[in-house]
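**Student:** To start, I am sharing the structure in question, which I have written as structure tokens.
The values are calculated or read from the model by the stated rules, or taken from the named source; none is laboratory data. As the structure is a computational prediction, the values presented were derived from the model and not from experiment. Note that we place each Cβ from the backbone using ideal geometry, even for glycine, and neighbour counts take in every protein chain shown.
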Amino acid sequence: MSTLELVRKEGQPLDETGETPALRIRGLTVSYGRSPAVFSVDVTVPKGSMTAIVGPNGAGKSTLLKAALGIVRPLAGQVSVFGRPLSRARSRVAYVPQRASVDWDFPTRVIDVVLMGLYRELGLLRRVSKADRARAAECLERVGMADFADRQIGQLSGGQQQRVFLARALAQDADLYLLDEPFAGVDAATEKAIISVLKALRAEGRTVVAVHHDLSTVPEYFDRVLMINVRKIAEGPVDTVFTEEALHATYGGRLAMAGPGAPVAGAG
């Protein structure tokens, strides 16, 4: 029996390539008070893809990620990761939150932040070994922050802090990376470093999903896009879905042009 036949026999949903998707969301609804932040959203993220989640401020982009991770409790909906409930596949997922949501005054060193990415693997009782520290140092090297290992995290610039949080996610050696505004408030060098790491992850067969605000870089950075404004507007390959019609359906009058052919939109 082929793998495809086995998956079908077990009743697992497939993506358009005939494989079990890295992330599958069905009917996800989240409400803050009486107004839905996300309403009945379906998403299918194929393995080995890079997907941008785009939409105007208040569209529910970050809420969608948090609900998929169980950080925010949804009113309705189902989430599966590589064909399994999140509770059975959590070790395969790494999350990079918005930098603005983190308390950067917490007194800890850069290397210790990265080592936090290993806690799920280490547990509470096992001591950090030389090999663990070497692995954390390698992740810092990968994001260009090796020289800052002993620096207090609060002493770093915003872009440097974002790189450190990406290094922490790399230390988890996950298969699915979920990032909330990884390029927000960073300098050009940091953005270039981050996208280089993310593309390398995709080349390794990992899956990347990122909330993104700069529409002008979507075609360059991502191969898939989810366009959302509380409800899903469009989803699929960038070269077929990321159209002027879909952009206007998503943003309406809030879509601004930064230059010829360069639409940009706010974060949130």
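**Student:** Residue check, Ala184 against (1) among the small types (Gly, Ala, Ser); (2) at pLDDT below 95; (3) over 15 Å from the mean Cα position of the chain (by Cα), all met but one. Which one?
**Tutor:** So the condition that Ala184 fails would be (3).
**Student:** Which of the residues spanning the stretch 38-58 are modelled with pLDDT of 95 or more and among the small types (Gly, Ala, Ser)?
**Tutor:** Listed by number, the residues that qualify are Ser40, Gly48, Ser49, Ala52, Gly55.
**Student:** Modelled with pLDDT under 95 and in a strand (DSSP E or B): is that true of Ser80 in this structure?
**Tutor:** No.
**Student:** Give, as residue ranges, the helices (runs of 4 or more DSSP H) completely inside the stretch 107-214 that count at least 2 residues that are buried (at least 22 other Cβ atoms within 10 Å of the Cβ).
**Tutor:** Counting at least 2 such residues, we get 110-115, 130-142, 158-171, 188-203.
**Student:** Please go through (1) β-branched (Val, Ile, Thr); (2) assigned to a loop (DSSP other than H, G, I, E, B); (3) touching a strand residue (DSSP E or B) at 6+ places or on another chain (Cβ under 6 Å) for Ile233 and return the number of the only condition it doesn't satisfy.
**Tutor:** Only one criterion is unmet by Ile233, namely (2).
**Student:** Also, quick follow-up: Consider the stretch 67-89. How many of its residues are within 19 Å of Gln172 (Cβ to Cβ) and crowded, with 22+ Cβ neighbours inside 10 Å?
**Tutor:** 2
**Student:** What do you reckon, is Ala146 of a type in the set (Gly, Ala, Ser) and touching a strand residue (DSSP E or B) at 6+ places or on another chain (Cβ under 9 Å)?
**Tutor:** no
This table checks each residue for (1) touching a residue at least 60 places away in the same chain (Cβ under 8 Å); (2) surrounded by 21 or more Cβ atoms within 10 Å (Cβ to Cβ); (3) farther than 22 Å from Val96 by Cα.
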| residue | (1), (2), (3) |
| --- | --- |
| Val225 | yes, yes, no |
| Arg231 | yes, no, yes |
| Pro237 | no, no, yes |
| Val241 | no, no, yes |
